[in-house]
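The values are calculated or read from the model by the stated rules, or taken from the named source; none is laboratory data. Every value quoted in this text rests on a predicted model; they were computed, and no experiment measured them. As a convention, Cβ positions derive from the backbone with ideal geometry for all residues, glycine included, and neighbour counts pool all protein chains shown.
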Amino acid sequence: MALLGESALYEFTMGTQIVFYAGALAGWVLPRDWKKPFIITFPFFFCLMSWTTVLAFLRSITGRQPVTWQKATANSTSR
């Protein structure tokens, strides 16, 4: 916050971040069955994917993520 009043670039960057994260928060709070505009869905999914990447990394380094795949069973109702 010390650099916020120093330059218009810092003020613009701070304002852009506030709008971006407000859009992400709106995408999380609004009901899922609503048709949301791109200005809300993009920040939400960007933050969601970033958070899931962090969680996957933490699971990987703590050894809670299995390293082998389990073979899927074949269904006889395949088309």
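The residues in the stretch 38-79 that are assigned to a loop (DSSP other than H, G, I, E, B), modelled with pLDDT under 85 and either among the hydroxyl-bearing types (Ser, Thr, Tyr) or within 19 Å of the chain's Cα centre (by Cα) (or both) can be counted, and the count is 5.
Looking only at residues in the stretch 26-37 that are part of a helix (DSSP H, G or I) and either modelled with pLDDT under 90 or in contact with a helix residue (DSSP H, G or I) (Cβ under 8 Å, 6 or more places away or on another chain) (or both), the one that is surrounded by the fewest Cβ atoms within 10 Å (Cβ to Cβ) is 28.
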